[in-house]
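J.: Here's a structure for you.
Please treat every number below as a calculation from the coordinates, not as lab data. None of these values were measured; they are calculated from a predicted model. Every residue, glycine as well, gets a Cβ built from its backbone with ideal geometry; the counts of neighbours run over all protein chains shown.
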Protein chains: 2
Amino acid sequence: MPATGKAKTRRQRVEAREGAILRSAAELFARHEVDAVTMGAIARRAGVAEGTVYLYFESKVALVHAVVEAFYSGLTEQAAAGVRKIRDTRRRLEFLAEHHVTRLIEQRYILFAFPGKSLSEPDGEAYRLNRTYVAVFDDVIREGVDRGEIRDDVPLWVLRDMFYGSLEYAARTSLLGGKQRDRRDGRRAVRGLMAVLERGVIRPKSDETVELARSSTMEGITARLESVADRLELVEARTGTARSRASRRAPGK
Amino acid sequence: MPATGKAKTRRQRVEAREGAILRSAAELFARHEVDAVTMGAIARRAGVAEGTVYLYFESKVALVHAVVEAFYSGLTEQAAAGVRKIRDTRRRLEFLAEHHVTRLIEQRYILFAFPGKSLSEPDGEAYRLNRTYVAVFDDVIREGVDRGEIRDDVPLWVLRDMFYGSLEYAARTSLLGGKQRDRRDGRRAVRGLMAVLERGVIRPKSDETVELARSSTMEGITARLESVADRLELVEARTGTARSRASRRAPGK
DNA sequence: TGGCATTTCTGAGTCAACCTCATAGGCTGA
DNA sequence: TCAGCCTATGAGGTTGACTCAGAAATGCCA
């Protein structure tokens, strides 16, 4: 099945074919390990001969790169668009976190399909891609610092590594847990991350008793509320209640 | 050169050879990408024939597993030993963090040499290994919670993912930065992580009055509560009336 | 020590997958 | 319609993981 419809100009034809090969590869990578997907299989699914693939992509590695690039490209665009619609720094971070972890669990193969190669070359393609992606996060933080919403005594790169490192590790362990996990894991990871970013986890040694009392009361309420929310999500999942992302946000203003 | 010295018993001979092959592989993986290291090269360096390697390790993948296993085994032992010598929870975490990031930057190849395979199989070897490793961390946290040094309103697994996720991402970006990085990066990452764990990064709305911070927290909780209430009503309505339209799933496959 | 049985080792050969290249096919413009 | 050029093809080269029949070493016993 030549997935290429009717393309008129040369450029269109080229792009259609390139797209068909890319899509074919992405679909196969989503189903099988990269090593287990042969160039022959990719070519067959794209409706071209094996040799043709090499007219569009220099090698298998290059093809994998291209697939990953396409993924990150979309990811960056969506992240930037989402941030533009939100003002509050806290909410922005929450959105970025949820977006990242959701997309990563959806397209799980990106996490594993990643051959060490793609990352092991400094200043390589993948590195550059990642940089432009996290630039969205960097801007959010910088603006937050300017506004006084974010402390400025932790280096930006440390924050960035914490943020994405946490989420990716969470996505990974969620997927590895054996049983099928879903987006609820991701959401819980996001909530935990945000909580820690807001107030840490290590309790102050002592003193500041008033502050402690106040916050611990609030903590109690928050913890209880979170537990209720968790249970609610469970019920929702069971009954298949659809819920738009917007309705999770309260009245706001 | 048969790296095997003089071994007397059968068992000793077997272990010597297995060790030689493992060491040979680890040394080569440290220098080149896993894919670029051939079984022939590993055999040659170990002083045996290619076929012999297959008497000790079922396949190349199994050999890579064994190398990684050896690494994690040592890592776990050192981590446990270090923790035993420290009492304070904060110090323990700091030690674990520094130990992890240091060893990871030293043996950088573990980060990249890791074929997706090793992780992609749920309940696989690598997963089990990782579990026993992070168990050290888990124990530290649990004891910290018991002692009241760690807040108990963030799930343990979220904390774990944050901790190791941050450090691994930091190690990775440190290595990828292009220019040669050293352990100072790691130490800075550890310091940043500890700072955030201690007090978070997101400032309360207004840092002058507790009152304001408190009310804004109240707003957040109220908003969340309202959202939960809304959803609860929805679920009640749906399950209360009839369970006719049970599935209204989002864009499925 | 010599001879036989068993275990261990060997490396040439098989197979599979990436990649190449000589040839075939089709599009474009006169 | 046809020459010229660009694109596509798939059989074949090359490489590297893995196998296996035979060689070598080791153990055992008299």
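J.: Would you confirm, using the coordinates I've provided, whether B:Ala62 is assigned to a helix (DSSP H, G or I), surrounded by fewer than 18 Cβ atoms within 10 Å (Cβ to Cβ), within 12 Å of DNA strand D (Cβ to nearest atom) and more than 14 Å from chain A (Cβ to nearest Cβ)?
T.: Taking the combined requirement at face value, the residue satisfies it.
J.: Further question: Could you list, in sequence order, the residues of region A:41-54 that are within 17 Å of A:Val67 (Cα to Cα) and either among the small types (Gly, Ala, Ser) or more than 9 Å from DNA strand C (Cβ to nearest atom) (or both)?
T.: Across region A:41-54, the qualifying residues are A:Ala41, A:Ala43, A:Arg45, A:Ala46.
J.: Is it fair to say A:Ala30 is within 14 Å of chain B (Cβ to nearest Cβ) and within 14 Å of DNA strand D (Cβ to nearest atom)? Before the answer, list the steps.
T.: Values: within 14 Å of chain B (Cβ to nearest Cβ): yes; within 14 Å of DNA strand D (Cβ to nearest atom): no.
No; evaluated as a whole, the condition is false for this residue.
J.: Among the listed residues A:Glu69, A:Glu94, A:Glu33, A:Glu106, which satisfies the condition of being touching a residue at least 60 places away in the same chain (Cβ under 8 Å), acidic (Asp, Glu) and closer than 26 Å to A:Arg188 by Cβ? So that I can check it myself, show each step before the final result.
T.: Numbers: A:Glu69 fails: closer than 26 Å to A:Arg188 by Cβ; A:Glu33 fails: closer than 26 Å to A:Arg188 by Cβ; A:Glu106 fails: touching a residue at least 60 places away in the same chain (Cβ under 8 Å).
Unique residue meeting the criteria: A:Glu94.
J.: Just give me the residues in region A:154-172 being facing chain B (nearest Cβ under 7 Å), closer than 19 Å to B:Met194 by Cβ and not hydrophobic (A, V, I, L, M, F, W, C), in sequence order.
T.: Hits for region A:154-172 are A:Pro155, A:Asp161, A:Tyr164, A:Gly165, A:Ser166, A:Tyr169.
J.: A further question on this structure: Condition check: in contact (Cβ under 8 Å) with a residue 60 or more places away in the chain and either buried (at least 16 other Cβ atoms within 10 Å of the Cβ) or touching a helix residue (DSSP H, G or I) at 6+ places or on another chain (Cβ under 7 Å) (or both). Does B:Thr89 satisfy that? Spell out how you get there, then give the answer.
T.: Details: in contact (Cβ under 8 Å) with a residue 60 or more places away in the chain: yes; either buried (at least 16 other Cβ atoms within 10 Å of the Cβ) or touching a helix residue (DSSP H, G or I) at 6+ places or on another chain (Cβ under 7 Å) (or both): yes.
When the stated conditions are applied, B:Thr89 passes them.
J.: Quick one: which residue in B:Glu33, B:Glu106, B:Glu27 is surrounded by fewer than 19 Cβ atoms within 10 Å (Cβ to Cβ), within 16 Å of DNA strand C (Cβ to nearest atom) and acidic (Asp, Glu)?
T.: Numbers: B:Glu106 fails: within 16 Å of DNA strand C (Cβ to nearest atom); B:Glu27 fails: within 16 Å of DNA strand C (Cβ to nearest atom).
Testing whether each residue is surrounded by fewer than 19 Cβ atoms within 10 Å (Cβ to Cβ), within 16 Å of DNA strand C (Cβ to nearest atom) and acidic (Asp, Glu) leaves just B:Glu33.
J.: Considering only region B:66-81, I want to know if a residue exists there that is charged (D, E, K, R), more than 16 Å from DNA strand C (Cβ to nearest atom) and closer than 22 Å to A:Gly165 by Cβ.
T.: Just the residues of region B:66-81 that are charged (D, E, K, R), to begin with: B:69, B:77.
So of that shortlist, the ones also more than 16 Å from DNA strand C (Cβ to nearest atom) come out as B:69, B:77.
In the following step, the residues that additionally are closer than 22 Å to A:Gly165 by Cβ were identified as none.
Among the residues of region B:66-81, not one is charged (D, E, K, R), more than 16 Å from DNA strand C (Cβ to nearest atom) and closer than 22 Å to A:Gly165 by Cβ, which makes the answer no.
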